[in-house]
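What follows is a single structure, written as structure tokens, with notes after it.
The values are calculated or read from the model by the stated rules, or taken from the named source; none is laboratory data. A quick note: this is a predicted structure, and the numbers were derived from the prediction, not measured. FYI the Cβ positions are ideal-geometry reconstructions off the backbone, even for glycines, and counts take in every protein chain you see. Side chains are part of the model used for accessible areas, which takes the heavy atoms of the whole protein and leaves out ligands, DNA and RNA. Shrake-Rupley method; radii C 1.70, N 1.55, O 1.52, S 1.80 Å.
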Amino acid sequence: MSPQYSDFAKMIDHSLLHPTTDQQTLEQGIALALAYDVASVCLMPYYLARCAELLAGSTVQASTTIGFPHGGHTTSMKVKETEQAIKDGGQEFDMVVNQSKVLSGDWTYVTAEIKAVTEAVHAANQKVKVIFENCYLEDTHKIKLCEICSELNVDWVKTSTGYGTGGATLEDLRLMRQHSADHVQVKAAGGVRDRETLIKVREIGVTRVGTSKSQPLLDSVREALGLEKIQFDGAGPSEGY
């Protein structure tokens with residue numbers, strides 16, 4: 001059966017994470033996400049409560065980041081950040097691993113931290129995505145992280161923050177899909193900007209894509225499917241992945 005518009009739209013996490021994004025642009029971005037019926041809006045934690053309020057009753061999830069963008073927060077702060085985000089109505093949480101600890105090979109610390117955040121999220125019946133920031137890692141690091149995340153039953157493993165030196169690559173996505181358990185989904189962030197690439201990552205098994213370019217990306221999907229263009233005049237973010 002050929003994919004429908006919703007199959008692609010529900011892959012999209014609309015990103016509103018650039019630090020200079022003002023409140024008007026955040027409001028417009030949330031409205032855009034609703035108009036295009038994407039999977040989620042991922043935005044700065046301080047605006048999560050307002051985002052959850054605006055998305056209430058829709059099929060678009062309210063999501064935010066934990067330990068973003070460098071992952072260097074203490075574990076206790078990441079847990080507190082998670083708990084606050086849950087109180088603010090968050091439904092999905094994109095957590096950055098401690099890259100220093102990953103590169104140091106301190107897998108005990110890395111495992112304990114991912115476990116602590118995952119348990120906090122799952123206790124609230126919500127979902128967690130673990131960001132690796134692959135541009136700084138070797139394949140051995142990525143594989144080990146996939147194995148840890150599989151053991152801890154995280155919901156997604158994610159390639160990047162969008163603010164490192166590189167984003168998702170097809171090679172990394174294949175590697176992550178290969179080394180993650182079937183119950184762990186894969187999210188691509190950074191670099192998926194056109195319909196052709198969206199189709200390629202979907203074929204690999206990617207179920208979510210983080211992008212600030214949701215409007216042109218989904219406009220091209222609708223055009224290819226022969227669907228009417230969605231009328232939305234609000235400005236989208238000018239920068240981001």
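Here is how the numbers come out for the structure above:
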| read-out | value |
| --- | --- |
| Long-range lysine pairs (8 or more apart or interchain), region 107-241, Cα under 14 Å | 11 |
| Average accessible area per residue (Å²) across region 136-241 - probe 1.4 Å, nucleic acids and ligands excluded | 47 Å² |
| Cβ-Cβ FRET estimate between Gln4 and Lys115, R0 fixed at 51 Å, reported to 0.05 | 0.85 |
| Structure-derived semi-axes √(5λ) of the Cα gyration tensor in Å: which label, when the choices are [x] 27, 21, 15; [y] 35, 17, 16; [z] 32, 19, 18 | [x] |
| Net charge contributed by nearby residues that have their C-beta within less than 14 Å of Arg50 (K/R +1, D/E -1) | -3 |
| Accessible area in square angstrom per residue, region 25-76, 1.4 angstrom probe | 35 Å² |
| Residues whose placed amide H lies under 5 Å from that of Asp155, excluding near-sequence neighbours | Val128 |
| Sites His70 and Thr169 - FRET efficiency at Förster radius 22 Å, r taken between beta-carbons, to 0.05 | 0.60 |
| Carbon + sulfur, % of accessible area of region 135-241 - ligands and nucleic acids excluded, 1.4 Å | 44 percent |
| Sum of side-chain charges, Asn134 neighbourhood, beta-carbon under 10 Å (Lys, Arg +1; Asp, Glu -1) | -3 |
| Dipole in debye (nearest 20) - the chain, about Cα centre, beta carbon charges: Lys, Arg +1; Asp, Glu -1 | 180 debye |
| Extension gain from Thr59 to Glu151, taking 0.36 nm per residue of separation minus the Cα-Cα distance | 30.2 nm |
| Separation between Cα centres of region 33-92 and region 153-218, rounded to whole Å | 19 Å |
| Two-site label geometry, Ile199 and Asp106: point separation in nm, points 7 Å out along Cα→Cβ | 4.6 nm |
| Estimated vicinal HN-Hα couplings, Hz - region 6-19 in sequence order (Karplus 6.51, -1.76, 1.60; Gly, Pro = x) | 4, 4, 7, 4, 7, 8, 9, 9, 6, 8, 10, 10, 5, x |
| Dipole magnitude (debye, nearest 20) for region 1-142, charges at Cβ of Lys, Arg, Asp, Glu | 220 debye |
| Prolate/oblate/rounded label for region 1-65 (Cα gyration tensor, a/c 1.5) | prolate |
| Amide H partners (placed H, <5 Å) of Gly167, local residues excluded | none |
